[in-house]
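A.B. asks: First, the structure itself, so that you have it in front of you.
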Amino acid sequence: MQRLIIAALAAAAAVPAAAQPYPQPYPPAPPPAASLPPEIADGRTIDQLGNMVGALTRALLELPVGEVEAAIENRPVTSADRRKTVRSVTGTDERELGEQIEESKVAVKQGGAAVARSLPVIRDALNRAGDEIARATANVPQPGYPRR
């Protein structure tokens, strides 16, 4: 009888332990924070690109176009045609052009920061879409599957 009482007490003590949930493995580590490559995120690179655009634009403004214009109009080239450049035809002001390039640099930097902030959301959405596609295609018959 004593053994029966001891066994009953041991069983009663073991029931709460058995009711405990099975310990889960450690949760997966969150993915690393998404970031832009340093070449894009670095403001110096954007400044360098802006300077290159400015130099190329100034070079294009000096491009002679008078002779091309005379050829299109099917007339002989004059000395005035030889002096015509993109700058003289368009009336572009170099100071105004420099200001526009500087404004563009700021906009590109702000756009890069916005992209960096939205990368985690985009990554999560693409992962969910991939999971949904995998679930949707799980029951699609495979071409190599034997027919009955």
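A.B. asks: Does segment 125-132 contain at least one residue that is of a type in the set (A, V, I, L, M, F, W, C), part of a helix (DSSP H, G or I) and under 26 Å from Arg58 (Cα atoms)? Walk me through it before giving the result.
C.D. replies: Keep residues of segment 125-132 that are of a type in the set (A, V, I, L, M, F, W, C), which gives 125-126, 129.
Narrowing the set further to residues that are part of a helix (DSSP H, G or I) leaves 125-126, 129.
Add one more test, that the residue is under 26 Å from Arg58 (Cα atoms), and what stays is none.
Checking segment 125-132: not a single residue is of a type in the set (A, V, I, L, M, F, W, C), part of a helix (DSSP H, G or I) and under 26 Å from Arg58 (Cα atoms).
A.B. asks: Condition check: under 36 Å from the mean Cα position of the chain (by Cα), in contact (Cβ under 8 Å) with a residue 24 or more places away in the chain and over 30 Å from Pro37 (Cβ atoms). Does Leu61 satisfy that?
C.D. replies: Numbers: under 36 Å from the mean Cα position of the chain (by Cα): yes; in contact (Cβ under 8 Å) with a residue 24 or more places away in the chain: yes; over 30 Å from Pro37 (Cβ atoms): yes.
In short, yes.
A.B. asks: I'm trying to understand the selection: among the residues of segment 68-119, which are farther than 30 Å from Leu49 by Cα and of a type in the set (Ser, Thr, Tyr)?
C.D. replies: Thr78, Ser79 - these are the residues of segment 68-119 that are farther than 30 Å from Leu49 by Cα and of a type in the set (Ser, Thr, Tyr).
A.B. asks: Is it true that Asn51 is among the polar types (S, T, N, Q) and not in a loop (DSSP other than H, G, I, E, B)? Give the derivation first.
C.D. replies: Values: among the polar types (S, T, N, Q): yes; not in a loop (DSSP other than H, G, I, E, B): yes.
Yes, satisfied.
A.B. asks: Kindly check whether there is at least one residue in segment 78-100 that is hydroxyl-bearing (Ser, Thr, Tyr), surrounded by 10 or more Cβ atoms within 10 Å (Cβ to Cβ) and under 23 Å from the mean Cα position of the chain (by Cα).
C.D. replies: Taking segment 78-100 and keeping what is hydroxyl-bearing (Ser, Thr, Tyr), we get 78-79, 85, 88, 90, 92.
Cutting the leftovers down to surrounded by 10 or more Cβ atoms within 10 Å (Cβ to Cβ) gives us 78, 85, 88, 90, 92.
Next, only the ones that are under 23 Å from the mean Cα position of the chain (by Cα) stay: none.
No, there is no match, as no residue in segment 78-100 is hydroxyl-bearing (Ser, Thr, Tyr), surrounded by 10 or more Cβ atoms within 10 Å (Cβ to Cβ) and under 23 Å from the mean Cα position of the chain (by Cα).
Computed from the coordinates by the stated procedures, all read-outs in this text should not be read as laboratory data. Source: prediction; values computed, not measured. As a convention, Cβ positions derive from the backbone with ideal geometry for all residues, glycine included, and neighbour counts pool all protein chains shown.
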